[in-house]
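Q: Next up is a structure, given as structure tokens.
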Amino acid sequence: MHFSNSSMKSFNLGLQPPQAWIAILGFVLFTALCIVVHTSNILRLLFPAGSFAVGFFLYLRHPEIYIGFTFWMWFLTPWVRRLVDYQNGWQDPSVVLLAPYLVTFITIITFLRYFPLVYRQTGLPFVLAVTGIFYGFLVGLINLPPASVIVSLLNWLTPVLFGFHLFVNWPDYPSYRQIIERTFLWGALVTGAYGVWQYLVAPEWDRFWLVNMANQGLITFGQPEPLAIRVFSTMNANGPFAIVMMAALLLLFNTPGILRFPASAVGYLSFLLSLTRAAWLGWFAGVLIFVTSVKPRIQIRLIMTILIMVLCVLPLTTMEPFHQAINSRFQTFSSAGNDISYNERSERYEQSMNSALSEVVGKGLGGAGSHLDSAILDTLFSLGWIGTSLYWGGLLLLMLGTLHAVSFDPFVSAARAISIGVFIQLVFGSVMLEVSGVILWGFLGIAMAARQYYQHRAKFYL
């Protein structure tokens with residue numbers, strides 16, 4: 001039987017290219033089947049292995065889809081881990097959580113291929129950061145067990161590699177911009193809706209995870225019961241989820257289509273229910289930067305969009321059972337002196353600062369222990385003054401570079417706003433790692449790619 005091209009396009013339901021989606025949907029269906037029939041124990045090895053195989057295939061054959069797949073792996077893997085642990089028993093550390101790191105680490109190929117060509121140019125900041133991380137890796141191998149150092153290396157290195165990958169592929173900026181907008185639109189809708197449901201219902205697998213985290217002394221995620229969770233949605237904690245949602249909500253200001261309004265409604269509500277003040281401040285700073293960095297014509301459109309979204313979200317936040325939790329958290333902004341969490345963080349910061357400032361060589365990757373209350377402390381302990389100078393030097397050069405990126409492209413303005421919104425949260429925690437780091441370095445990378453893309457076009461048309 002012969003099928004016409006139009007018939008095949010209808011059959012594919014717009015999922016193009018079909019080979020990429022066959023690989024992705026096959027992986028998703030296999031994972032779902034293992035969970036449904038309660039054979040998910042095999043996913044502890046097959047999920048990271050399968051995600052790496054799919055990611056590698058997409059990297060080689062469909063690089064635009066690879067970008068979206070990588071973000072989704074960061075969005076959803078912690079949720080898959082919770083389902084697997086709920087069915088098979090608590091396991092920590094969990095091999096399942098390696099999946100997004102392995103998928104992102106594929107971009108080491110890009111770095112090894114291109115850094116000799118770009119390190120003297122605008123790619124130098126990425127090379128400086130990688131050099132600082134590699135320094136910390138070598139120090140860690142001398143002082144610490146190799147396994148912990150390698151895990152820490154993945155944590156530090158993968159976000160920088162991903163940002164570099166987006167940057168050097170600047171000729172593909174338009175298609176990368178499109179896939180990122182689409183990914184974060186659906187990401188806001190899916191993770192936002194799940195976050196609201198999580199707050200109202202407290203699913204059993206999420207309660208199971210919270211109980212086990214409390215047994216390890218981590219009680220900052222709320223109580224394992226409905227209306228008492230600090231929403232973390234499909235991710236590992238409320239802080240990383242809030243940063244992802246902050247990025248998505250800033251992108252939604254300029255994302256076309258009617259779907260952005262329900263995505264914004266559940267996105268803002270779950271964002272507020274995360275009760276993450278640092279991310280709220282980052283969003284506010286991002287909005288100010290976004291609105292003031294675009295042309296007046298676009299400013300008017302953005303302001304109108306913001307007003308419409310406020311009208312959609314505000315009634316939800318004033319209703320119970322949401323109002324009390326959100327309002328009480330907002331009140332802590334005006335009473336920081338009486339905030340136990342704020343006071344404890346300030347005390348720990350003061351106690352650690354003198355010790356951190358004396359770290360010339362550093363303890364190496366993995367030597368700082370659990371994440372500290374400041375990225376400054378974390379980098380000083382892990383990388384010492386030597387590695388910190390390289391890492392922060394590269395990061396600051398990129399931040400300055402985004403300020404010179406074009407302003408007529410609203411996506412670039414949004415990427416700049418997201419980068420700065422995450423950057424200011426470095427004071428409150430190590431948001432340059434894990435999914436937060438992928439957001440920070442990824443949007444720095446795509447902003448620099450846009451700058452390179454438009455500079456090349458300007459030279460071409462002159």
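Q: Sorting check: for 224-234, 295-305, which peptide has the highest mean count of neighbouring beta carbons within 10 Å, and how do the rest follow?
A: On the way: 224-234: 21.0, 295-305: 13.1.
Output ranking for 224-234, 295-305: 224-234, 295-305.
Q: When each pair of different Cα atoms in segment 11-106 is counted once in the 1/r mean, what is the Kirkwood radius in angstroms, to one decimal?
A: On the way: mean 1/r = 0.0735 Å⁻¹.
Computed over Cα pairs of segment 11-106, the Kirkwood hydrodynamic radius comes out at 13.6 Å.
Q: Rank by packing, highest mean first: peptides 88-94, 98-104, with packing defined as the count of other Cβ atoms within 10 Å averaged across residues. If you can, show how the numbers build up before the last one.
A: Values: 88-94: 13.1, 98-104: 23.7.
Top of the packing list down: 98-104, 88-94.
Q: A follow-up question, please. Quickly work out the Glu225-to-Ile303 label distance, labels modelled 7 Å from Cα along the C-beta direction, and quote it in nm with one decimal.
A: 4.7
Q: How would you classify segment 202-243 from its alpha-carbon gyration tensor, with a ≥ b ≥ c the square roots of the eigenvalues: rounded for a/c under 1.5, else prolate if a/b is greater than b/c, otherwise oblate?
A: Oblate, since a/c reaches 1.5 and b/c is not below a/b.
Q: Taking the Cα of Ser175, stepping 7 Å toward and past its beta carbon, and measuring to each backbone N in segment 61-99: which are under 15 Å?
A: It comes to 61-69, nothing else.
Q: What three numbers, in Å, describe the spread of the alpha carbons of segment 227-317 along their principal axes, ordered from the longest?
A: Extents along the principal axes: 42, 23, 19 Å.
Q: Say a paramagnetic label sat at a point 7 Å from the Cα of Leu259, along Cα to Cβ; which residues of segment 194-218 have their backbone N under 17 Å from it?
A: Answer for segment 194-218: 194.
Q: Counting only C-alpha contacts under 8 Å and six or more residues apart, can you give the relative contact order of the chain as a whole percent? Intermediate results must be reported in sequence, preceding the final value.
A: Values: 665 pairs, mean separation 94.8, N = 462.
Relative CO of the chain lands at 21 percent.
Q: If you don't mind, another one. Working from the pairwise distances between different alpha carbons, so that the mean of 1/r is found and then inverted, what is segment 120-199's Kirkwood radius in Å?
A: Working: mean 1/r = 0.0644 Å⁻¹.
Kirkwood hydrodynamic radius for segment 120-199: 15.5 Å.
Q: Compute the separation of the alpha-carbon centres of segment 174-221 and segment 67-122 and state it in Å as a whole number.
A: 17
Q: What helices in the chain pass both tests, a Cα length along the helix axis of 30 Å or more and a mean Kyte hydropathy of 0.0 or higher, using whole DSSP H runs?
A: Details: long enough: 63-88 (35 Å, 0.08); 146-168 (31 Å, 1.61); 173-201 (40 Å, 0.27); 296-317 (31 Å, 1.78); 434-461 (40 Å, 0.22).
Helices passing the filter in the chain: 63-88, 146-168, 173-201, 296-317, 434-461.
Q: For the chain, what does the helix formula give at 222 nm: sum of -39500 (n - 2.57) over DSSP H segments with n ≥ 4, over the residue count, nearest 500 deg cm²/dmol? Don't skip to the end; give the middle numbers.
A: Details: 19 runs with 338 residues, N = 462.
About -24500 deg cm²/dmol.
Q: Now for a different question. Order the peptides 46-58, 20-32 from the highest to the lowest mean number of other Cβ atoms within 10 Å of their residues.
A: Values: 46-58: 19.7, 20-32: 15.7.
Descending packing order for the listed peptides: 46-58, 20-32.
Q: Calculate how large, on average over all directions, the projected area of the Cα convex hull of segment 156-283 is; give the answer in nm² to one decimal. Before the final figure, lay out each step's value.
A: Working: hull surface 35.1 nm².
Averaging across all directions leaves 8.8 nm² for the Cα convex hull.
Q: In whole Hz, what ³J(HN,Hα) sequence does segment 89-99 give by Karplus (6.51, -1.76, 1.60; θ = phi - 60°), x for Gly and Pro?
A: x, 5, 9, 9, x, 9, 5, 4, 5, 6, 3
Bear in mind that the values in this text are calculations on the coordinates, not laboratory data. Bear in mind the structure is a predicted one, so any value in this text is a computation, not a measurement. Ideal geometry is used to build each Cβ from the backbone, glycine not excepted, and the neighbour counts take in all protein chains shown.
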